[in-house]
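In what follows, a structure is listed as structure tokens, so that the remarks can point back to it.
Bear in mind these aren't lab numbers, they're just calculated from the coordinates by the rules spelled out. Owing to the predicted nature of the structure, the values given are computational and were not obtained by experimental measurement. Ideal geometry is used to build each Cβ from the backbone, glycine not excepted, and the neighbour counts take in all protein chains shown.
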Amino acid sequence: MNQITTDTSLVATVLRQGGVIGLPTETVYGLAARVDKASAISRVYAIKGRPLDHPLIVHVYDAQQCGEWGMLSAAARTLADAFWPGPLTILVNRTNRISDQITGGRNTVALRVPVHVLAQEVLRELGIPVVAPSANRFGRVSPTTAQHVLLDLADEVDLILDGGACLIGLESTIIDCTTDEPQVLRLGALTTAEITRVTGIDIAPPSGPSRTAGMLENHYAPRCRVELFETNEQALEALSWLVQKKQSGRIIDYGSDLATYAHSLYDDLRQCDIDNVSVALCVLPPPSGVGLAIRDRLFKAASK
Ligand code: AMP
Ligand code: MG
């Protein structure tokens, strides 16, 4: 069966009937199911092998529709007005239409309006939001192409919508708007500095108990070992050591081209596994802009 399609109407129909779909967004591909279909959401958890207390991000067509699912505070509204549609997930208190199954029993719900044209088309046609965690097994590398989803989850999803390579390639920035001062729970392409510059809202670092999978120490990991370096020279030196020990290594380094680094990282890590590379030697990008989010993913991928 050909599981990859570009037909958004077909995808909306399969979702409406309770199916599970590989859905492209500008961040990474999601594993989508209707918010109101408990059996489909159970399948999402099962396919990912995701613990049931790790809540799912709800993807909504527009900010207006969000009001039915979450109670947007003044800060949440300001962020939504400024950055939706886009790679920002906002954590707010949920309405009673959101089930415990989605939030892991929490009173909060994570909402996002994606900007990807095909995701928008599906959500508009479906008329109801979808949950869409990243379409990978729990703890592994997120998919950034339809092929990645096919390779990982082939027989387990009903259909994969091919929206090309994800423009950004890293998961969304998550901001918790339920605390007195909004907190960043996961770094992403949208930086806290940019949020403050545009909205005047200060974003605090996370405090209190871990609330997201993005706050776990080990995540986003390929099968191969990941080692981190500050400079390309250090990575080259390590590579020559590996070669002497008859091991294979591959350097991942995009210098200060942060957009390309973000866009390519997950594909590069996956390719290391496909090519049976023993060690991915990653050079850390500068710690500014999206470089901060890339470093966060690299530290987690390298953590054992
Ligand atoms: P992913 O599965 O890669 O899309 O990641 C979704 C992220 O959103 C995970 O880190 C979740 O823990 C986080 N998340 C979703 N809903 C909530 C919620 N209600 N409270 C806290 N974190 C959430
Ligand atoms: Mg994920």
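Here are a few things to note about the model shown:
- Projected label points at Arg97 and Asp36, each 7 Å from Cα along the beta carbon direction, are separated by 0.8 nanometres.
- MRE, 222 nm, helices only [DSSP H, n ≥ 4, -39500 (n - 2.57), over the chain, to nearest 500]: -10000 deg cm²/dmol
- Using equal-weight Cα scatterers in the Debye expression, the normalised intensity of the stretch 1-102 in log10 at q = 0.11, 0.16 Å⁻¹ is -0.38, -0.80.
- Once the Cα atoms are used to define both axes, helix 38-48 deviates from the longest principal axis of the chain by about 0 degrees.
- For q = 0.21 Å⁻¹, Debye-computed log10 I/I(0) when each Cα of the stretch 167-304 counts as one equal scatterer: -1.24
- Between Val243 and Leu228, the distance separating the two model label sites (each 7 Å from Cα on the Cα→Cβ line) works out to 2.6 nm.
- Applying a threshold of 32 Å to the alpha-carbon distances of Lys48/Lys245; Lys245/Lys304; Lys37/Lys304 flags Lys48/Lys245; Lys37/Lys304 as lying beyond it.
- Counting only DSSP beta bridges whose two residues both lie in the stretch 50-125, roughly 65 percent are antiparallel.
- The alpha-carbon positions of the chain define a convex hull whose volume is 119 Å³ per residue.
- For the stretch 47-196, alpha-carbon Rg over 2.2 N^0.38 Å: 1.02
- Residues listed by number, the stretch 8-30, amide nitrogen under 14 Å from Ala46 label point at 7 Å toward C-beta: 19-20
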